[in-house]
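To keep things clear, I will list the structure first and then write my remarks on it.
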Amino acid sequence: MREWFPVSTSAKGRLVLSAVELFGARPYAEVTVGDLAGAADVTTGALYHHFQNKLGLYRVVRTDVEQRLLDRMTGAAAGRDSFRLRQALVVGFDFAVDNEFTRILGEAAPYAEEDRVAEFLSDITRGGTSTGRVLAATWRASVLTVTDAESAAESREVLARLGAAF
C-alpha cells in the first residue's frame, strides 16, 4: 500500500503525474530535472524539496508502478498450477502495454536494488534466483519491444508460449 496518494493539483502530485508520463515516453537518462519541473509547472526547487533529486522521484514512480504490476501478476498466478507462469507473464505484459508503462517497467532500474519482478517469478516457478532473473529479463525485453514500435501481439504470444512451456 502506498504511503500517500498525491493530489494531482499539488506540486508533488503534478511532479509524480508528469514523471509517469515523461519516464514512460523516454529513457530515464534522457529526462532532465528541468523537463520534469516544466511538465509539472513547478520549479526545480519543488522537485528537490519533495524528492531530493530526479532519482528519488523516479524511485517513487517506479516503485508504485511496479507494485501495481506485481498485484496483477499475483492475482493472475493464483489460477491453476500449470498455467500460473503463463497467466502472470501475459497479464503483466498487458498491464504494462495498456497503461503505457513499457519503458518504466521494461528498462533496468538506474539504482541498485532487489528485482521484485525476478523474485516473484522465482517464487511462482519454484526455481532458483537465476530462473527468476532470466524470466524477468525476458519479460522486460518483450515489454521493451513494444516501446520500440514492435508488435504487441507478437511479443505477447512469445511470452505466452514461454510461460506454457516452462
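What the table below lists for this structure:
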quantity: Rounded percent of accessible protein surface that carbon and sulfur make up, the range 14-166, 1.4 Å probe; calculated: 50
quantity: Accessible area expressed per residue, the chain, with surrounding protein chains retained (probe 1.4 Å, Å²); calculated: 53
quantity: At R0 = 22 Å, FRET efficiency that the Cβ-Cβ distance of Thr138 and Leu17 yields, to 0.05; calculated: 0.10
quantity: HN-Hα J in Hz across the range 155-162 - Karplus 6.51, -1.76, 1.60, θ = phi - 60°, x for Gly and Pro; calculated: 5, 4, 5, 4, 5, 4, 5, 4
quantity: Helical contribution to [θ] at 222 nm, DSSP H n ≥ 4, -39,500 (n - 2.57), averaged over the chain, rounded to 500; calculated: -22500 deg cm²/dmol
quantity: Read-out P(r) over Cα pairs in 10 Å bins from 0, in percent, derived from the coordinates shown; its label in (i) 10, 39, 41, 11, 0; (ii) 10, 32, 25, 17, 10, 4, 1, 0; (iii) 10, 38, 31, 16, 4, 0; calculated: (iii)
quantity: Selection of GluC sites (Glu not before Pro), the range 96-138, meeting DSSP coil and at most 13 other Cβ within 10 Å; calculated: Glu113, Glu114
quantity: Relative contact order (%) - criterion: Cα under 8 Å, at least six apart; region: the range 1-158; calculated: 18
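The values are calculated or read from the model by the stated rules, or taken from the named source; none is laboratory data. Computed from a predicted structure; not experimentally measured. Here Cβ is always computed from backbone atoms with ideal geometry, including for glycine, and neighbour counts include all displayed protein chains. When the accessible area is computed, the model is the full protein with side chains, heavy atoms only, and any ligands, DNA or RNA have been set aside. Shrake-Rupley method; radii C 1.70, N 1.55, O 1.52, S 1.80 Å.
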